[in-house]
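The structure under discussion appears below in the form of structure tokens.
The values are calculated or read from the model by the stated rules, or taken from the named source; none is laboratory data. Please read all numbers here as calculations on a predicted model, not as lab measurements. Here Cβ is always computed from backbone atoms with ideal geometry, including for glycine, and neighbour counts include all displayed protein chains.
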Amino acid sequence: MRVRPVLSAAAIGYLFGTFPTADLVARRVSAGTIDLRAQGSGNPGAANALKVLGKKAGATVMAGDISKGALASSIGGLVAGPAGAHIAGTASVFGHCFPVWNGFRGGKGVAAGIGQCLATFPAYLPIDLAIAGAVAATPALKQRSFTAAMISSSAWVVGALVWWRKGHGNLWGPKPGPGLVAAATLSSAAIAYKFVVAREPR
């Protein structure tokens, strides 16, 4: 593995992740009067944009953040092959969660992780989304967004391990291997940190 292309993929992924989708949408919709970090849950992500700015804004932020993860992974793959795709995808999640331009105060990384999964583990993505949707739609569960994120992230890691060990196909994504498992684990850890350790609003 050549070091320079991999480092370039990581840098590209991180920069994509720091793109302030929620801030730009909020500025456009509210003419600069609303800061998502100061209203609603205080989280610059799709869920808070939906709550504060409405459905269209929430959907726009979600689409933009998913695109960050997917594009980062795709470009990382062009720069450094499968390893670059995984590294750039994970770097985009870290960039979204910890953007240097905003004092490392970013979103929770769920949408960027979906984009990463879309590009690097497309065969598993429908299962992951189904798990998250089922959990989020269960009224009996408290803090459903937190529970859905934790369960779907854990399943992402387990799914990556199963796909690798069983040799399953991966549609347009890279052949499953240890890189996929490592990337899913690191991205899931960043998401879990934002929900649990950082104790941001859920």
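Miscellaneous remarks
- Hits in segment 1-55 - residues which are farther than 28 Å from ILE87 by Cβ, in a loop (DSSP other than H, G, I, E, B) and among the β-branched types (Val, Ile, Thr): THR33, ILE34
- Between GLY77, GLY81, the distinction of being part of a helix (DSSP H, G or I), modelled with pLDDT of 90 or more, under 18 Å from the mean Cα position of the chain (by Cα) and of a type in the set (Gly, Ala, Ser) belongs to GLY77 only.
- Any chance GLY169 is within 18 Å of the chain's Cα centre (by Cα) and either closer than 19 Å to ALA85 by Cα or assigned to a loop (DSSP other than H, G, I, E, B) (or both): no
- Of all residues in segment 97-120, those satisfying the criterion of being closer than 16 Å to PRO20 by Cα and assigned to a helix (DSSP H, G or I) are CYS97, VAL100, TRP101, ASN102, VAL110, ALA111, ALA112, GLY113, GLY115.
- Out of LYS68, LYS51, LYS56, one residue alone is in contact (Cβ under 8 Å) with a residue 40 or more places away in the chain and among the charged types (D, E, K, R). It is LYS68.
- Hey, ILE114 surrounded by fewer than 24 Cβ atoms within 10 Å (Cβ to Cβ), within 10 Å of the chain's Cα centre (by Cα) and within 17 Å of ALA190 (Cβ to Cβ) or not: yes
- Condition met for ALA182 (among the hydrophobic types (A, V, I, L, M, F, W, C), surrounded by fewer than 22 Cβ atoms within 10 Å (Cβ to Cβ) and closer than 21 Å to ALA11 by Cα): yes
Matching residues to (1) surrounded by fewer than 19 Cβ atoms within 10 Å (Cβ to Cβ); (2) farther than 15 Å from PRO99 by Cβ:
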position	(1), (2)
LEU24	yes, no
ARG28	yes, yes
GLY40	yes, yes
LEU50	yes, yes
ALA63	yes, yes
HIS86	no, yes
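- Restricting the first member to segment 97-118 and to residues that are free of Cβ contacts under 8 Å to residues at least 60 places away in the same chain and within 30 Å of LEU171 (Cα to Cα), and the second to residues that are of a type in the set (Gly, Ala, Ser) and surrounded by 24 or more Cβ atoms within 10 Å (Cβ to Cβ), the beta-carbon pairs closer than 6 Å and six or more apart or on different chains are GLY115/GLY69.
- Of all the numbered requirements in (1) buried (at least 16 other Cβ atoms within 10 Å of the Cβ); (2) in a helix (DSSP H, G or I), PRO174 misses one, and that requirement is (2).
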